[in-house]
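Presented below is the structure to which this report refers.
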Amino acid sequence: MRASRTGGAASSAASELHISGAEGLYEEQDISRVVSQYARRALSHPRGRPDKIVLTVEEIRERPLRAPLLPVSTAGCASPEEARPFLERTLLSLGVSKRAVTAALKTLSSRKTLRGAALIRLRSGAHAEPDRQRGVRVSRLGIERESLGTLGRRLAKERINTATVREALALASKVAAHPAVVAEVCISDDPDYTTGYLASRRSGYVRIPHIKEAGDMRGGRVFFIDDEAEADDLNAYLERRAVLLYAPKP
Ligand code: WAQ
Ligand code: MG
């Protein structure tokens with residue numbers, strides 16, 4: 001699902017405001033329920049009222065890959081002044097260059113929020129997404145039915161068993177499962193959701209409270225990738241390869 005707003009006659013792609021997006025892998029008998037949930041979500045979004053909602057349903061023919069959900073932790077940041085240096089330090093410790101961190105922060109603080117994610121090369125800091133206006137939209141992912149209970153119980157213990165966390169964790173886990181991706185940073189574009197995250201195979205999914213001030217409409221996602229990675233192959237995996245995430249045994 002994607003919901004956007006162009007606001008009247010001068011509707012051009014350039015003036016389109018991204019409101020909300022969502023995607024998942026579902027069984028056929030769940031389609032009508034999920035489609036109406038997505039429509040409801042689009043129509044009651046803190047970023048505003050959309051004037052266009054696009055719902056796409058596609059049959060998946062290939063057998064999904066399986067990948068583990070990342071372990072979850074929460075950093076003790078009490079303000080953006082603490083969260084930003086924590087984020088930068090952790091990225092540097094994962095091998096991301098200063099240049100790449102600077103490029104990422106520029107994307108994440110832009111007023112023009114992308115619908116998808118930016119791809120930034122680890123050392124050079126160069127952008128690698130094929131469409132800079134749109135970004136790369138990760139899709140075709142879901143959590144295995146058998147793992148939903150385990151995941152729900154684990155998150156409930158930390159009082160974070162929400163759809164927002166489950167969906168972000170699943171997305172981050174699909175992204176981290178690709179060998180060319182070294183780390184991800186996410187800041188919500190919802191003005192009232194101020195917890196972001198940093199994810200990588202090495203660190204797991206690290207929630208970062210107060211990564212931005214409440215009321216801020218800016219946000220986005222950045223995937224840091226190997227300098228040698230073939231962007232077309234990576235995009236094909238992120239946008240189209242079906243992946244089911246499972247909760248690994250502790
Ligand atoms: N693929 C790529 N990028 C995406 C996707 C996607 N499927 N969905 C969203 N984005 C990008 C896009 O640039 C959005 O502007 C940005 O991410 C933020 O999206 O554990 O709600 O849906 O409590 O606002 C983090 C949860 C929630 C942290 C993140 O993101 C926690 C969130 P939003
Ligand atoms: Mg959002």
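The values are calculated or read from the model by the stated rules, or taken from the named source; none is laboratory data. Just so it is clear, the structure is predicted and the values come from calculations on it, not from any experiment. Note that we place each Cβ from the backbone using ideal geometry, even for glycine, and neighbour counts take in every protein chain shown.
Structure data summary
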read-out: All positions within region 162-214 that are at pLDDT below 95 and either aromatic (F, W, Y) or assigned to a loop (DSSP other than H, G, I, E, B) (or both); value: D189, D190, P191, D192
read-out: Every residue from region 70-96 that is in contact with a strand residue (DSSP E or B) (Cβ under 9 Å, 6 or more places away or on another chain) and farther than 11 Å from I208 by Cβ; value: L70, P71, V72, L91, L94, G95, V96
read-out: Where a residue in region 20-38 is without any contact (Cβ under 8 Å) to a residue 12 or more places away in the chain and its partner, wherever it lies, is charged (D, E, K, R), with Cβ under 9 Å and at least six apart; value: E27/R145; E28/E59
read-out: Matching residues, region 149-164, being without any contact (Cβ under 8 Å) to a residue 12 or more places away in the chain and under 19 Å from the mean Cα position of the chain (by Cα); value: N161, T162, A163
read-out: Among (1) within 16 Å of ligand 1 (Cβ to nearest atom); (2) of a type outside the set (S, T, Y); (3) on the phi < 0 side of the Ramachandran plot, the one test that G48 misses; value: (3)
read-out: Any hit, region 82-104, residues being in a loop (DSSP other than H, G, I, E, B), within 16 Å of ligand 2 (Cβ to nearest atom) and under 22 Å from S173 (Cβ atoms); value: no
read-out: Residue selected from region 9-38 under the condition modelled with pLDDT of 95 or more and small (G, A, S), by the criterion nearest to L169 (Cα to Cα); value: S36
read-out: Hits in region 59-83 (condition: surrounded by 16 or more Cβ atoms within 10 Å (Cβ to Cβ), more than 16 Å from ligand 1 (Cβ to nearest atom) and over 30 Å from A236 (Cβ atoms)); value: E82
read-out: Selection count, region 39-58, where residues are under 23 Å from A172 (Cα atoms) and in a loop (DSSP other than H, G, I, E, B); value: 7
read-out: Among residues of region 145-176, those that are in contact with a strand residue (DSSP E or B) (Cβ under 6 Å, 6 or more places away or on another chain) and under 18 Å from G116 (Cα atoms), counted; value: 7
read-out: Test set (1) within 16 Å of ligand 2 (Cβ to nearest atom); (2) in contact (Cβ under 8 Å) with a residue 12 or more places away in the chain; (3) more than 15 Å from I120 (Cβ to Cβ) - V222 fails condition number; value: (3)
